[in-house]
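Accompanying notes for the structure given below.
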Amino acid sequence: MSQNNLDALRNREYRLQIRVTKLRRQVFEQTDPTASQTLLDELRMGEKELAEVEKLRAAAQAADDNNNGTIINRKTDTHLLGPETTGLDSRLQLRMSQIPTAIYHLLDPQTDPLMTCSLDNVSPRTRRIRITSYIDGYSSHAVDTIELEAQSKHEFRQSPTLFPQRIRNVTELTRATLNVKLEDLDGDPGGVSRAIWTELHKTYPLWLLARTTAPLAVPDPTTGKLRDMTRYFGAFVTPNAPSLMSFLRIAADAHPDKRLVGYQGDKAAGVRSQVKALFEALKTSGNITYVNSVIAFSPEEGPSTQRVRLPRESLRDSQANCIDGTVLFASLLEGISLNPAIVVVPGHAFVGWETWDESGEWEYLETTMIGSHDFDAARQSGTSTAGFYQELAKETDNPNKFRHWSLRDLRATHRITPME
């Protein structure tokens, strides 16, 4: 596809993002997000149209070497020595144009690398290759060395470790530089000198997202798609924070039995009564009010990032946006040994809980209604929102329209631990 067609798709996607984002705000800024069926129907149509255009633009971008994150491709970079001379065919690609500094330390380089380097040894001899990458001023060096046999291939995946003391000061969107070096440890292509031969050395610009920003998704230039990062909201669920543990004592007083026992005693009704006690405690003692504080600067248009408070901050300030309230409520649920879920839909988040231990059945709650509605109304709204987006995910064949993250799975399978 030509650059002109890709630009046209980007423009169309951008206009749709603006329209759909406006609809999302109209829906979720209501005291009850499911109150207007007309708005929900209009949002459903907009989400479907946007999903289709996103697929078209992603396919066009992935096919274009000028837009798919390619740092170096010897097949197209004619100013570099090619494999006919060096015996190596290499391609470097940036896999993450924005670094989510808040949760980057949790990312696995094998599944969520910052960059990849594909090597093809077309020479008749084994080559000892070293690749080094780092972010100037912000990270240590990531180093990999391999003996690459003749006529064989290998892909390096690297994510240099960030320096915590440097990243702590990244409070706003910051520009940085990725530095990549590929070296042949056996010397020059002619084999005359045994000195290390630098095959290529390249720098590439990228963005550091602020520490207070949790990414909903990170653009993957190689596919043209957004890589879902919402499971890492699990790191903001902090059941062992002292202020939350103290608050559970207040919540226990709101329960008829004056105790919170998790998955013990009566089944669904018993669990629901405990969740209600948490709701009532947040409403009366916590005085939690919904505040739509979502500003988080990002180089991408559209809702790709979210400002997030830690649960102790929400308790301290007595305010929360949708994701703040979700991770706060999930922290309290996990704190009484229930299995909560973080549910993320386009432009919004709410909380769920498993109705009994390993039952696979879930109930949901709209946390933005804590300060304005009773428990049953908030639960009904959460259930309706969940049903709406579960259907939309099926209709658009897009699982990102309804992302349901069980905390038990996040802890056990994804190894996502609390930030504090």
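Derivation of every value follows stated rules applied to the coordinates shown; laboratory data play no part. Everything quoted here is computed from the prediction, not taken from an experiment. FYI the Cβ positions are ideal-geometry reconstructions off the backbone, even for glycines, and counts take in every protein chain you see.
Some observations on this one:
- Using the rule -39500 (n - 2.57) for each DSSP H run of four or more residues, divided by the residues of the chain, the 222 nm mean residue ellipticity is -10500 deg cm²/dmol.
- Short-range pairs are left out: with C-alpha atoms under 8 Å and at least six residues apart, the relative contact order of region 228-412 is 22 percent.
- Proximal lysines to Lys181, defined as alpha-carbon separation beneath 30 angstrom and excluding residues fewer than eight positions away on the same chain: Lys75, Lys153, Lys202, Lys225
- The distance linking region 11-63 with region 86-131 is 35 Å (Cα centroid to Cα centroid, whole angstrom).
- Ranking of Lys202, Lys394, Lys401 by count of other Cβ atoms within 10 Å, fewest first: Lys394, Lys202, Lys401
- Listed residues His404, Ile18, Ser331: farthest to the positive end of the dipole of the chain (Cβ charges): Ser331
- Computed over the chain, relative contact order equals 14 percent, with contacts defined as Cα pairs under 8 Å that lie 6+ residues apart.
- Between the amide H of Gln319 and those of Thr289, distances stay under 5 Å, these residues lying 5 or more places away or on another chain, with hydrogens modeled in the peptide plane.
- Residue exposure sequence - Leu9, Leu315 - by fewest surrounding Cβ within 10 Å: Leu9, Leu315
- When only Cα pairs below 8 angstrom with a gap of at least 6 residues are kept, region 3-62 shows a relative contact order of 50 percent.
- Going from the residue with the fewest nearby Cβ atoms within 10 Å to the one with the most, Leu410, Leu107 rank Leu107, Leu410.
- The HN-Hα couplings worked out from phi for region 369-386 by the Karplus form 6.51 cos²θ - 1.76 cosθ + 1.60 (θ = phi - 60°) are 9, 4, x, 10, 9, 8, 4, 5, 5, 5, 5, 5, 5, x, 5, 5, 4, 4 Hz, whole numbers, x standing for Gly and Pro.
- Cα long-axis angle, helix 322-335 against the chain (0 to 90 degrees, to the nearest 10): 80 degrees
- Within-14-Å neighbourhood charge of Thr203 [Cβ basis; K, R +1; D, E -1]: +2
- Proximal lysines relative to Lys258, as straight alpha-carbon distance under 30 Å, when same-chain residues fewer than 8 apart are discounted: Lys267, Lys276, Lys283
- Integer Hz, Karplus 6.51/-1.76/1.60 couplings in order for region 109-115, x for Gly and Pro: x, 6, 10, 10, x, 6, 8
- Residues whose amide H lies under 5 Å from that of Arg128, counting only those 5 or more places away or on a different chain, are Leu148, Leu185, Asp186; hydrogens are built 1.01 Å from N in the peptide plane.
- What the phi angles of region 276-291 give under the Karplus curve with 6.51, -1.76 and 1.60, with θ = phi - 60°, is a coupling list of 4, 4, 4, 4, 5, 5, 5, 6, 8, 6, x, 6, 5, 10, 6, 10 Hz, glycine and proline written as x.
- Options [x] 24.7, 84; [y] 21.6, 66; [z] 31.2, 104 - which one matches Rg and Dmax of the Cα atoms in Å as calculated here: [x]
- Dipole magnitude of the chain, debye to nearest 20 (Cβ charges: Lys/Arg +1, Asp/Glu -1, about Cα centre): 680 debye
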